[in-house]
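Okay, so here's the structure we're looking at.
Each reported figure results from applying straightforward, stated rules to the coordinates on display, with no laboratory input. Since the model is a prediction, treat every value here as computed from it, not as a measurement. All Cβ positions, glycine included, derive from the backbone under ideal geometry; neighbour counts span all protein chains shown.
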Amino acid sequence: SIGLHAHNNLQLATANVLEAVESGCDFVDTTLKGIGRSAGNAQTEIILVLLQRYSRLTGMDLIRTLNVSNKVFQPIVDELAETVPGIRKNEIYRGVNDIELVEGIARAHSGFYKRFRSAADAYEVDVRQLIMTVSDIDCIEPSEDLIDSVTKKMKVHVG
């Protein structure tokens with residue numbers, strides 16, 4: 001078996017992982033939120049999305065992966081940051097955050113985030129799912145009416 005553990009010192013960990021997979025690598029090592037020494041490692045969340053996009057992985061639930069990362073992994077990282085003597089806090093917070101990742105996948109401009117957040121809060125739906133759903137319809141100039149309409153439909157399906 002051939003595997004890869006890519007560090008992100010030159011911001012090429014993701015590219016190197018994709019190239020390794022294309023070249024027949026059997027496994028790749030990634031970390032949630034890109035956590036790792038120095039510049040960190042290839043970020044699991046991004047690698048999963050890209051492997052799915054390039055048909056190398058199926059059935060991945062991005063929102064569920066992000067939830068696990070946030071609810072299970074992040075508290076451990078936060079605790080370590082406060083309790084480990086001599087830890088360099090800038091070395092434990094890596095990678096892009098959920099919203100940046102979802103906006104990138106959805107091709108959504110960050111300038112619309114306040115609209116999405118407001119609607120998601122008002123109807124108690126997941127803002128990340130809202131961004132992706134609305135952007136499938138219009139990622140260039142999503143109107144407040146479109147965002148509101150999609151949010152109401154999402155609430156009906158969730159509620």
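Structure summary
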read-out: Efficiency of FRET between Arg53 and Thr83 - r from beta-carbon atoms, R0 41 angstrom, step 0.05; value: 0.60
read-out: Point-charge dipole on Cβ atoms (K/R +1, D/E -1) for region 59-124, about Cα centre, debye to 20; value: 220
read-out: Surface/4 estimate of mean projected area, convex hull on alpha-carbon atoms of the chain, nm²; value: 11.3
read-out: Principal axis dimensions, region 60-132 - Cα atoms, whole angstrom, descending; value: 42, 26, 21
read-out: Convex hull per residue volume in Å³, alpha carbons only, for region 1-82; value: 98
read-out: Rounded to the nearest 20 debye, dipole of the chain from Cβ charges on Lys, Arg, Asp, Glu; value: 160
read-out: Length-normalised contact order of region 120-159 in % [C-alpha pairs under 8 Å, at least 6 apart]; value: 49
read-out: Cβ-Cβ FRET estimate between Phe27 and Tyr113, R0 fixed at 25 Å, reported to 0.05; value: 0.10
read-out: Filtered chymotrypsin sites (Phe, Trp or Tyr not before Pro), region 16-120: DSSP coil and at most 12 other beta carbons within 10 Å; value: Tyr54
read-out: Angle in degrees between helix 127-137 and the longest Cα principal axis of the chain, rounded to the nearest 10; value: 70
read-out: Using a Förster distance of 25 Å, the FRET efficiency for Asp145-Arg64 (Cβ separation, nearest 0.05); value: 0.25
read-out: Computed magnitude of the charge dipole of region 1-80 (debye, nearest 20; Cβ of K, R +1, Cβ of D, E -1); value: 140
read-out: Sum of side-chain charges, Val134 neighbourhood, beta-carbon under 13 Å (Lys, Arg +1; Asp, Glu -1); value: -2
read-out: Leading residue at positive end of dipole, region 67-159 (Cβ point charges), from Ala119, Ser143, Leu80; value: Leu80
read-out: Angle in degrees between helix 13-22 and the longest Cα principal axis of the chain, rounded to the nearest 10; value: 80
